[in-house]
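J.: Have a look at this one.
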Amino acid sequence: MVASQALWENPRPVTRRLVLDSIRALRPHQWTKNLLVFVPLALTPQQIGHPGKQLTALLAFVALCLVASGGYVVNDLLDLEADRAHPVKRRRPFASGALSVRWGVGMAVVLELLGGAIAVLATPPGYWLVIGAYLVLTFSYSLLLKRQLLIDVIVLAGLYTLRVIGGAQAVAIDLTPWLLAFSLFLFLSLAFAKRYSELQLMASRQENQIRGRAYQVGDLDLVAMLGSTSGYLSVLVLCLYINSEHVRGLYAHVQGLWFLVPILLYWVSRIWFLAKRGELPGDPVAFAVRDRVSWISGALMAAVILVSV
């Protein structure tokens, strides 16, 4: 508490280092998650080449990045004590004392206002509602839900799925129940993988529980089971989607889409093998962005979709 008060009362002068720390607090590496807003447009062959929709999707992406970064700042400010006790998170700008609380509050306000303004000026009202829902869920997660057993991972999966819903709203494309179910199961698997990695870290330090979370080291096996099952359910939903009547009206070579299944099976299985071996550091989505095998898998899936159009 004393340290937090000192950080509030003694903001640093604006320097190059302050700017770099502020950029780091935005977590720009997490913006890759917001690429999910392009998924509905990318999966609609008849609309993907429309310049107006491409521009709207891009502006929706920018707005979401700003709003999401504001949420990350708020989360860091609310989680200072827990982050300082964490072996990795203690190096974050606010937890380490590199940035003051006052500076963080200002950052959060500016980011949320700027992101909201871009959304209002450049996207349809449906996307505004998604941004609003994202903010409510994000702040609810930071204040309370992240400490609730199972609810936290369901909310994380919901936030990922909400990005896909936002992308559809931004470019006025109807979402199928298949895509929603696929997204929810896949991202629930990744949320469990994140908790599993955190629990493994606690176990290696001979600690019983993640500080600020409801999970204990004894939950490791159950978390792994729930997470891997969710991942394979996403593969099942993909199979059902490929076999549905809806797909036949979108793709000229539907049978080619079946090549997506083994690629996704391999990727989900590999994520959980790495998690089990303790080789999955932190957020699996952020890991996938830096992972060469994940890039290759994504490129192969994109190629299969393009060939099947």
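J.: Output the residue which, of all residues in the stretch 45-68 that are modelled with pLDDT under 85 and in a helix (DSSP H, G or I), is surrounded by the most Cβ atoms within 10 Å (Cβ to Cβ).
T.: Of everything passing the filter in the stretch 45-68, Lys53 is surrounded by the most Cβ atoms within 10 Å (Cβ to Cβ).
J.: Which ones in the stretch 69-128 are in contact with a Pro (Cβ under 9 Å, 6 or more places away or on another chain), of a type in the set (D, E, K, R) and crowded, with 18+ Cβ neighbours inside 10 Å?
T.: Asp76
J.: Please find, among Asp291, Asp283, the residue that is open to solvent by less than 80 Å² (accessible area, probe 1.4 Å) and under 17 Å from Leu188 (Cβ atoms).
T.: Result of the check over Asp291, Asp283: Asp283.
J.: While we're on this one: Here are some residues: Ala181, Ala168, Ala224. Which one is buried (at least 23 other Cβ atoms within 10 Å of the Cβ), assigned to a helix (DSSP H, G or I) and not charged (D, E, K, R)?
T.: One residue alone meets the criteria, Ala168.
J.: Can you name every residue in the stretch 184-221 that is touching a residue at least 24 places away in the same chain (Cβ under 8 Å) and assigned to a loop (DSSP other than H, G, I, E, B)?
T.: Passing the criteria: Arg205, Arg211, Gly212, Arg213, Ala214, Tyr215.
The values are calculated or read from the model by the stated rules, or taken from the named source; none is laboratory data. None of these values were measured; they are calculated from a predicted model. Reconstructed Cβ throughout: ideal geometry from the backbone, glycine too, with neighbour counts over all protein chains shown. Each accessible area value is taken on the protein alone, full model and side chains, heavy atoms only, with ligands, DNA and RNA left out. Shrake-Rupley method; radii C 1.70, N 1.55, O 1.52, S 1.80 Å.
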